[in-house]
Amino acid sequence: MNSNYLGNLNGLRAFAVLGVVFYHFGLGGLDGGFVGVDVFLVISGFLITRIINNYSNQNKNLSGYFHFLLKRYYRLAPPLIFILLVSLVFGYFLLESKTFQFSAQSAVASSLFLSNFFYANELNYFGPDSNVVTFLHSWSLSLEMQFYIFWGAILFLLKKKTKSGLLIITVALFVISLFLSINFNDFVSSYYLLHTRFYEFMLGALCALHLSNKKPYDGSIISLVSILGLIIVYFKFDTNMAYPSWYGLLPCVFTALIILNLNSRFSNYVFGNRFMAYLGMISYSIYLVHWPISAYGNYLTLGEMSFSFKILSILLVFLLSNFVYFVIERQFLSKSGISKSKKASLIFLYILSVAFSFFIINNSGFDNRFNASQYGFVDAKEDLQSQRDICTYKKVGKINLCYFGSLNDTKPLDVVLMGDSHAWHFLSGLNSVFKRNGISAVKINQAGGTLPSAVGSTTTNKGPKPQTRKYFPLLRVLSPKIVILSARWGLYSNSRGSYGSKVHYQVIPGVYEKREDAKSAFEYSMGKTLDYIEGTKVRAVVIGQVPEFGVSPEYCQEMIPVMNYLGGKCTPNTFTKNFEYMEISNEYFSARKNITFINMIESMCSKDSCSYYDDKNILLYKDGDHITYMGSIFLASTYIEKIILNGLSKEGIGSESN
């Protein structure tokens, strides 16, 4: 490859990293900027295939293979280890204990180039809480190293391979990986793992094989169309897509066409200028530096970075990237080999980083660093009454039911409570209200993360959940006056999912079976469920989902000393609303006739903020979406008690609302 071609390739790297950076900082409307990583993967497949093919035949053996892997390790590891260590040091002063501990765990996985497996089991890349995970970007570096190991083994160790034979292997691996990417049901894991991303590398490898004995083409029109295509993808793709699947193929094809025509006049104009070439040269350092700065910025501003904050952050990314490149990365790029002193310094940094990570993990993230009690706030997360203490269990048929409230066998049953973990977290509050008012109640147990539905079933990217429809015939047996439904409704009514690694959605066999049909399936399912309840002559009360927060209020409480010092927004009794994914369920239940809907968003939130403390400064939440025992009592007595009592009165509840 001539110097002009290599310079243009660096410019393409710059194009990729700019998309990623602007996407992560929420600038320029680049909702699909995350596909910049796909561009990197195609470039990597192209370069690595060319590099290995340039090895002489006598060096294509086991020794040559390990020499290749060691060089790739020296390419990736030094700046990565440096960033991990420095970010953890800053995390000690900025991150609350749980986030700090999670960062240390992910740092260990990142240093071993296994973080894509770690995040595949822990985190939805597009989930609302992913933007504060310090080393989330390392998943692609782990993917790269795994590609080097697997593809390198094929190219170095496969004996008697001809160009045509290698082409057949490459095409076969491309097809297999694309098939797996399209048909793999675990939507979260498919984003991170090699087998569903390998086709992107192979597209680059096919370019390398095609150009092995040819000069790059000079197709300016193809370059123009492909670059415009990537720009359109940057703007039009978004996080609602089941990515990569078919969607990932489009930016990869555009990238491959650009690589094949990288000597064109138009490519020289776009990618060959000094600015793009320079950004491409430091693109790896930019990629490493930008995400921790973005994550810390989102963490300290609770996901509400101002425009000026974002611009200053990007300037900081550029300055620090230059430092990392010239002081760390470039020192390990020498063609003459790596000196013993540099190898020793890398080993030292690696040991220090891993040791510090395990020290953080073993000390529970140093959870004694921040103490919000000195600011007058009471932490209620440990003040949880056991559900076993609340429940008196009795069997009805083969189903074990939780009886609570006023336990009077001679009195007809008043209330049945149904739902997922968001029904459980109201149990203590409802129990207090019901005991005080002589109300008898039953909680029907169902699996967490499952929509209480009389039709269909809830499934996730990890597989189907237990069905709940078997519980609804119990309503005719129990004959309550009221059924209370409570759940994390927003989780089931959209295709994006929320916190954690699972994407939940409802499936109606033969009607709505795809993840993209989540909204229609939710409305269909709840319509049939509420019709069923109405058919049993039982009144329905739906408790809306409590506000959710991109950062747990518990975290915010522990961050109070830091936020006060920095002048941030983590102040008592306010939290910026972010409930777009709840709007579907709230609008549906608000419009539904013959039910009572208790809108907890309207109850707990003003126009701009929501309450996560009660009037006595006691924390209502134990995590980002579940309330504490004391929070349950406060919310039930403040917002729910009156409506339930009215529902049990002679007037009924059909016209009640909140």
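The values are calculated or read from the model by the stated rules, or taken from the named source; none is laboratory data. This is a predicted model, so every value here is computed, not measured. When we count neighbours, we look across all protein chains shown, and the Cβ atoms used for this are built from the backbone with ideal geometry, even at glycine. These accessible areas exclude ligands, DNA and RNA; they are computed on the full protein's heavy atoms, side chains included. Shrake-Rupley method; radii C 1.70, N 1.55, O 1.52, S 1.80 Å.
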Exercise for review: Could you pull the Rg and Dmax for segment 121-249, using just the Cα atoms, both in Å?
Suggested key: 17.0, 50
Check your understanding: If the chain between ASN363 and THR638 were fully stretched, how many nm would it gain, using 0.36 nm times the residue separation less the Cα-Cα distance?
Key -> 95.1 nm
Study note, to complete from the structure: accessible surface per residue for segment 52-210, probe 1.4 Å, DNA/RNA/ligands not counted, whole Å² -> 38 Å²
Point to revise | Burial ranking of peptide ranges 480-493, 304-317 (average Cβ count within 10 Å, highest at the top) | key: 480-493, 304-317
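In deg cm²/dmol, rounded to 500, what helix-only [θ] at 222 nm does the chain give when every DSSP H run of at least 4 residues adds -39500 (n - 2.57) and the total is split over its residues? Before the final figure, lay out the partial values.
Details: 28 runs with 349 residues, N = 658.
That comes out to -16500 deg cm²/dmol.
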Check your understanding: Please state the relative contact order of segment 112-206 as a whole percent: Cα pairs under 8 Å, 6+ residues apart?
Key -> 36 percent
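Rounded if a/c is under 1.5, else prolate if a/b is larger than b/c, else oblate: which is segment 65-127, with a ≥ b ≥ c the root eigenvalues of its Cα gyration tensor?
Oblate.
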Review point. Among residues other than MET145 whose Cβ falls under 15 Å from its Cβ, what is the net charge (Lys/Arg +1, Asp/Glu -1)?
Key: +3
Exercise for review: On a C-alpha basis, how far is the centre of segment 89-114 from the centre of segment 226-293 in Å? Whole number, if you could?
Suggested key: 29 Å
Review point. Which percent, to the nearest 5, of DSSP beta bridges fully inside the chain are antiparallel?
Key: 55 percent
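Report, to the nearest whole %, how much of the accessible area of the chain belongs to carbon and sulfur atoms, 1.4 Å probe, protein only. Don't skip to the answer; put the middle values down first.
Values: 16060 of 27470 Å².
C and S fraction of accessible area: 58 percent.
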Check your understanding: Which residues does a label at LYS607 reach in segment 580-598, if reach means a backbone N under 19 Å from a point 7 Å past the Cα toward the Cβ?
Key -> 580
Revision key, fill the gap. Sorted on mean Cβ neighbours within 10 Å (highest first), peptides 389-395, 513-519, 236-242 come out as 513-519, 236-242, 389-395
Study note, to complete from the structure: Options [x] 47, 36, 25; [y] 41, 28, 24; [z] 52, 28, 22 are given for semi-axes √(5λ) of the Cα gyration tensor in Å, and the computed one is [z]
Point to revise | With Cα atoms, 0 to 90° folded angle of helix 62-94 axis to the chain main axis | key: 40 degrees
Review point. Can you tell me the accessible area per residue over segment 244-344, all protein chains present, probe 1.4 angstrom, in square angstrom?
Key: 47 Å²
